[in-house]
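Here the structure comes first, spelled out in structure tokens, and everything after it is commentary.
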Number of protein chains: 2
Amino acid sequence: MDESAPPSPETDEPPTLAQVAAYAGVSPITVSRVVRLPALVAVPTRQRVEAAMLALGYVPNLVAGSLASARTRSVGVLVPTVANAIFADTIQGISDALEPLGYAVFLAQSRYDPDREDKMLAALLARRPEALIMVGSPATAAGARMLRRARIPVVETWDLPDDPIDAVAGFDNTKAGAVVARHFAASGRRLLGFLGGDDPRATRRWLGFQRVALEAGLDAPLRVVHARNAGAGVAAADGMRGLDAVFVANDALAIGLLSGLRHMGRRVPDDVAVIGLGDLETGRLINPALSTVRIDGETIGRTAAGLTISRDGPRRVDLGFELLTRETG
Amino acid sequence: MDESAPPSPETDEPPTLAQVAAYAGVSPITVSRVVRLPALVAVPTRQRVEAAMLALGYVPNLVAGSLASARTRSVGVLVPTVANAIFADTIQGISDALEPLGYAVFLAQSRYDPDREDKMLAALLARRPEALIMVGSPATAAGARMLRRARIPVVETWDLPDDPIDAVAGFDNTKAGAVVARHFAASGRRLLGFLGGDDPRATRRWLGFQRVALEAGLDAPLRVVHARNAGAGVAAADGMRGLDAVFVANDALAIGLLSGLRHMGRRVPDDVAVIGLGDLETGRLINPALSTVRIDGETIGRTAAGLTISRDGPRRVDLGFELLTRETG
DNA sequence: TGGAGGAATGACAGCGCTATCATTTGGCAC
DNA sequence: GTGCCAAATGATAGCGCTGTCATTCCTCCA
């Protein structure tokens, strides 16, 4: 590391640990200890090294450190999309729990596309994260195999799969659908509809919803598959003409549907009841206030983070959900 | 790399490139080429190596690759919080632009805290990202110095600082505030208020807002500083009693304010006009539809990503904004 | 007063790749 | 045939750290 020239502050290349060591007159390993295990270094030495780091503007190279120690202090996070408040809360929970511990978060989006999911999974694992947290379960067998072979903690969230790869922090989507259908039936609704995506979690909600509706002796409910953004909700209103109750798989979509319904002149909840999922903050503030199945995305994230840090305790956490009936149903 | 035992599929440790090479009967460098520069390898050799990778379940170790090549193929992204739709869109834009190119995204949150921002900046830079994108500018001189010394592309977003570290993709916050005040004045409002955080960008909006209000001969406008979530907006309504027009620094907060105003019996826009910022999708769907200053967070993200990839072209991109007057003002 | 034991520091090798420069081989023009 | 060049493959060294053992120097008590 440049033995000829004397080490000096403010060179062009970022200084290495060895340069800091030379500047402070200690061995490289001592500098390494000052960074990672300061208690092992005598106070005067430590101060000398710290002064050297400051003078040279030393920023440790964690890439090299990770390779040497086989610990990257990073976790991979795979979500369908970040532009959905529902997952943003989960990311926030993960990040808040992990950043203070020195872990970095690698973020990737699958866009609800199994191929892209596998690609992103491979890309994340290539960075050797110490754990991986994902929304849902791998869509393909290849993805599941990669995760299993990685031999790191894997947390599946926003669902409660029967055969998880490792750990789970989520809730029972089937039950959520069932609870909403039961509520609709109990409040005298007869013609039910379900609006949502066709990913596995939305499908499970639909299955629970449909089962209970049929068990209650109602007509077969209608399932409408749409994009997940609020604009799509507006458009979907048209397809809901004959119905008197709709369960919408996410709150943003539900707010859109409310808007569409309003423009069609249908009164909520008198003509149609609407229940969303996620408990978006704005849902509770609009008029009429949106009824919803409350899911605590941030707690899911924090719990998932906890499951990656410690392998003790139960590996399957059901965080549950809560039906909040406000004004729309 | 375990020369004694014959290389075999499905061992417990993840296989290394050298093991794949031994299995395929080629040298390590050839396997490396199959992964990175397949065109350089003859087809039969390539197929043999690919078969070996598949058989052993090889996942390249990018940590080692990064150290050897001094290219991490990652970018750091620092936002105040991900749980704000406004920044989630930007992250989405960044991620959508960069992931197809093989870049990974390191995400960190500053929580609007300068100390935490510096910590996160240091943590990100320690991972040796090839570029760094942040919302706003570094809050401290130390943070700015770290970024400058890192000698990587740095993109500041959501603002247009006069002395950027490197590149900028944002809009003029001062002007945004000014435009809203001008609109309020032109539509006959007299008692203006500003509701928002006290971060530099919100403050710039306030400054532009205040200046124009005073220039228009209106009373000195009121500034109310609050938390940034929608719930805080509800609470803020009380402090807005005397006003007939409020500019709210973000749409979620504005929706909260609308709710608070409604509960106080104040009519919008007859008694009070409200204009938000961000153009949250739900803002346009609620009743009355929220007027807002539209900012395209996703385009900011994509543009910022573009500025990290290429150093050519202008390093300062003003993406502008648009005042959308809907029903609340 | 000798040696056990802890505190402080260092030497050395190696993590799993890739940059760089060889080397080998075969095809082709003359 | 000879020489030349491109295509294909390999040998070597090293990226910037850390794990694992030394080694040195005290202190403290039998």
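Laboratory data are not the source of any read-out in this text; all were calculated from the coordinates shown. If you're wondering where the values come from, they're calculated on a predicted model, not measured in any experiment. Cβ: placed from backbone, ideal geometry, glycine included. Neighbour counts: every protein chain shown.
Given R₀ = 35 Å, FRET efficiency for B:Ser27-A:Ala122 by Cβ-Cβ distance, to 0.05? The partial results should precede the final answer.
On the way: r = 24 Å, r/R0 = 0.69.
The value I calculate is 0.90.
Could you tell me the distance between the Cα centroids of segment A:90-153 and segment B:226-266, to the nearest Å?
Value for the Cα centre distance between the two parts: 39 Å.
With springs only between Cα atoms under 10 Å, which of B:Pro161, B:Pro44, B:Pro269 fluctuates most in a Gaussian network model of chain B?
Top of the fluctuation ranking is B:Pro44.
On alpha carbon coordinates alone, what is the Rg over Rh value for segment B:85-158, Rh being the Kirkwood radius? Please report the intermediate quantities before stating the final value.
Working: Rg = 12.1 Å, Rh = 12.8 Å.
Computed over Cα atoms, the ratio is 0.94.
Can you tell me the relative contact order of segment B:83-153? Whole percent, Cα pairs under 8 Å, sequence separation 6 or more. The partial results should precede the final answer.
Numbers: 35 pairs, mean separation 17.0, N = 71.
Dividing the mean separation by the residue count of segment B:83-153 yields 24 percent.
May I ask you to compute the full-extension gain from A:Arg267 to A:Asp113, defined as 0.36 nm times their residue separation minus their alpha-carbon distance, rounded to one decimal in nm?
Details: separation 154, 0.36 × 154 = 55.44 nm, distance 3.65 nm.
Here the answer is 51.8 nm.
Please identify, among B:Ala123, B:Ala70, B:Ala220, the residue showing maximal mean-square fluctuation in a Gaussian network model of chain B using a 10 angstrom Cα cutoff.
It is B:Ala70.
Could you check how many percent of all C-alpha pairs in chain B are farther apart than 33 Å?
42
Treat every Asp and Glu Cβ in segment A:173-294 as -1 and every Lys and Arg Cβ as +1, leave all other atoms uncharged, and give the resulting dipole magnitude about the Cα centre to the nearest 20 debye.
On the way: 16 positive and 11 negative charges, 39 e Å.
Here segment A:173-294 has a charge dipole of around 180 debye.
Of all beta bridges DSSP finds with both residues in the protein assembly as shown, what is the antiparallel percent, to the nearest 5?
Details: 9 of 77 bridges.
Antiparallel bridges: around 10 percent, rounded to the nearest 5.
For a bin width of 5 Å, list the pair-distance distribution of segment A:248-297 built from all Cα-Cα distances, rounded to whole %.
With a bin width of 5 Å, the distribution comes to 5, 23, 36, 22, 10, 3, 1.
Mind listing the label-point distances from B:Ser69 to the same position on all other copies, shortest first, one decimal in nm, points 7 Å along Cα→Cβ?
Values, ascending and in nm: 2.5.
Can you give the Rg to Rh ratio for segment A:17-60, taking only C-alpha atoms and Rh from Kirkwood?
Working: Rg = 8.8 Å, Rh = 9.8 Å.
Across segment A:17-60, the Cα-based Rg/Rh ratio is 0.90.
Between B:Ala252, B:Leu280, B:Leu218, whose Cα lies farthest towards the positive end of the dipole of segment B:173-294 when Lys and Arg beta carbons carry +1 and Asp and Glu beta carbons carry -1, centred on the Cα centre?
Final value for the positive-end residue is B:Leu218.
By how many degrees, between 0 and 90 and to the nearest 10, does the Cα long axis of helix A:251-263 differ from the longest principal axis of chain A?
Result, in degrees: 40.
Out of B:Phe247, B:Phe184, B:Phe106, any idea which swings most in a Gaussian network model of chain B, alpha carbons joined below 10 Å?
Taking springs between Cα atoms under 10 Å, the residue moving most is B:Phe106.
Under 25 °C and 0.890 mPa s, how fast does segment B:173-294 diffuse according to Stokes-Einstein, given a Kirkwood radius computed over C-alpha pairs? Answer in µm²/s, whole number.
On the way: Rh = 13.7 Å.
Estimated diffusion coefficient is 180 µm²/s.
What percentages, rounded to whole numbers, describe P(r) for segment A:224-273 computed over all alpha carbon pairs with 5 Å bin width beginning at zero?
Over segment A:224-273, the share of Cα pairs per 5 Å bin runs 5, 25, 39, 23, 7, 0 percent.
Measure nothing but the geometry: give the 0 to 90° angle between the long axis through the Cα atoms of B:173-186 and the longest principal axis through the Cα atoms of chain B, rounded to 10°.
Roughly 30 degrees between the two axes.
How much FRET efficiency would the formula 1/(1 + (r/R0)^6) give for B:Ile309 and A:Thr325, where r is the Cβ-Cβ distance and R0 is 35 Å, rounded to 0.05?
Numbers: r = 49 Å, r/R0 = 1.41.
That gives a FRET efficiency of 0.10.
So, with +1 on the Cβ of K and R and -1 on the Cβ of D and E, and no other charges, what is the size of the charge dipole of segment A:140-200 about its Cα centre, to the nearest 20 debye?
Numbers: 8 positive and 8 negative charges, 23 e Å.
Taking the Cα centre of segment A:140-200 as origin, the dipole is about 120 debye.
May I ask you to list the trypsin sites (Lys or Arg not before Pro) in segment B:144-216 that are in a DSSP loop and have at most 12 other Cβ atoms within 10 Å of their Cβ? Don't jump to the answer; show the numbers that get you there.
Numbers: sites: B:Arg145, B:Arg148, B:Arg149, B:Arg151, B:Lys175, B:Arg182, B:Arg189, B:Arg190, B:Arg201, B:Arg204, B:Arg205, B:Arg211; in loops: B:Arg151, B:Arg189, B:Arg190.
For trypsin sites (Lys or Arg not before Pro) across segment B:144-216 that sit outside H, G, I, E and B with at most 12 neighbouring Cβ atoms in 10 Å, the list reads B:Arg151.
Angle, helix A:114-126 long axis vs. longest principal axis of chain A, Cα atoms, 0 to 90°, nearest 10?
The angle comes out at about 20 degrees.
Give me the number: length gained by fully extending A:Ala39 to A:Leu222, i.e. 0.36 nm times residue separation minus the C-alpha to C-alpha distance, one decimal in nm. Provide the component values of the computation, followed by the final result.
Numbers: separation 183, 0.36 × 183 = 65.88 nm, distance 6.52 nm.
Gain in length upon complete extension: 59.4 nm.
Give the Cα extents of segment A:93-241 along the principal axes, in whole Å, largest first.
Reported extents, whole Å, longest axis first: 53, 32, 29.
How well do other chains shield peptide A:80-86, expressed as the mean number of their Cβ atoms within 10 Å of each residue Cβ? Before the final figure, lay out the partial values.
Values: counts 0, 5, 14, 13, 3, 8, 0.
Mean shielding by partner chains, rounded to a whole number: 6.
Based solely on its DSSP helices, what 222 nm [θ] is calculated for the protein assembly as shown when runs of n ≥ 4 H residues each add -39,500 (n - 2.57) and the sum is averaged over all residues, nearest 500 deg cm²/dmol? Don't skip to the end; give the middle numbers.
Working: 26 runs with 288 residues, N = 658.
Counting only the DSSP helices, I get -13500 deg cm²/dmol.
Copy-to-copy spacing for B:Glu215, label 7 Å out on the Cα-to-C-beta vector, in nm, shortest first?
Listed shortest first, these distances are 6.6 nm.
Apply 1/(1 + (r/R0)^6) to the Cβ-Cβ distance of B:Ala51 and A:Glu13, taking R0 = 30 Å, and write down the FRET efficiency to the nearest 0.05.
Values: r = 41 Å, r/R0 = 1.37.
Efficiency computed from Cβ-Cβ geometry: 0.15.
What size of dipole, in debye to the nearest 20, comes out for the protein assembly as shown about its Cα centre when the only charges are +1 on Lys and Arg C-beta atoms and -1 on Asp and Glu C-beta atoms?
Values: 72 positive and 74 negative charges, 3 e Å.
Using Cβ point charges on Lys, Arg, Asp and Glu, the protein assembly as shown gives about 20 debye.
Take every residue in peptide B:54-63, count the Cβ atoms of other chains within 10 Å of its Cβ, and give the average of those counts. Spell out each step's value before the answer.
Values: counts 0, 0, 1, 5, 1, 11, 6, 6, 8, 13.
The per-residue average across the peptide is 5.
Note the distances from A:Ile309 to each other copy's matching label point, with points 7 Å along the Cα-to-beta-carbon direction, in nm, sorted shortest first.
Shortest to longest, the spacings are 3.7 nm.
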